[in-house]
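Nothing in this text is a laboratory measurement; each read-out follows from the coordinates by a stated rule. Source: prediction; values computed, not measured. Glycine also receives a Cβ, built like all others from the backbone with ideal geometry; neighbour counts cover every protein chain displayed.
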């Protein structure tokens, strides 16, 4: 137990030392200490502690990566300043002689002109920064543009020019933020965010300060000449502008991230709405198709097309299943089962109907046959009766037949009176023939009925 307690204390001490190293900017040493603390906690089985230390290691590594990226971005600028003899550590012997004993040394006109131009650029930047503090952003932009033009004329200040051009773009951002801060609904929020971003010390600033820490210590340990003070001020202003540019970029990144989150939420909402609309349209389409096949199946059932109706019901079942209407699916399966009963009943009725029609046809044919036989009998009997007549009676009968043909023809031509006269003459002939030899009673009845009908038309 005491051994574990000692290990816990050792791990805590390592974590505190790592925190101190990190605050001093010694991130690599801090990571090594954290790794040792993590190893001890792993031995003790404190998995939660191990995870927390792992996160601290990752955060410290991120600071190292950020420091490297910031150093690589701004180091060329400070090197360029050193090359132009802005920092005290790179001051040439000739300039040191000038600063110590300016009365005894001759001043190079080219150097003097360069100093004057640099001072003009510095003054323009000072005026620009003052205008920014006074919220006169248009005047500030003009001052920065003036300083940029001077550095361009000097030549060799490309990195400084890039930084100033970036800051020139940031002035528009400051102006926009100030406009938003002036609005009543947003004044409290903007007023709080702007000063905090302006005066908050960022990792980029700490990186820049670490780069020149030794130079600053050296400068503070000994009195500075006016030339060295001016160069120090230029460096400090440059670092301040870099810090402000970095803060502006961080603000822009945060704003962009918020806008991205809002945009993604809107996009997801639109996609969800679109999917719901597509789903609704698809359901409406499926429902219409299902109803169409239901109506078709009903018509087919009415027309006794049971097999076709089954197929239509199956298609409707498929549509309802896609819709998730399973109760309707069950009902349609029951309807398909009922179709078999309907089909069997229909087949039975068809057979019964065929049997009935067959019997009717047979009865009809029988009646025709009976009538035909009866006519044949009547004709045979008439022939026998005609044979029994005398030659004179046969001539009368033949004459009556000729008159009958002419009467029917005249009746067809509309000569009703002449047809009636001939029918009456036929009646006289039939009545004159002996009734015991030939029976003409049916013929007489038919002719009388015909005469009566024709007379009603006259």
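To one decimal place, what orientation-averaged projected area in nm² is obtained for the convex hull of the Cα set of region 389-457?
Numbers: hull surface 16.9 nm².
Projected area, direction-averaged: 4.2 nm².
Just how far, in whole angstrom, is region 122-177 from region 228-301 if you go by their alpha carbon centroids? Centre-to-centre (Cα) distance: 36 Å. Between the beta carbons of residue 344 and residue 282, assuming R0 = 30 Å, the FRET efficiency works out to 0.15 to the nearest 0.05. Here the simple spin-label model places points 7 Å from the Cα toward Cβ, and for residue 43 and residue 443 these points are separated by 15.0 nm.
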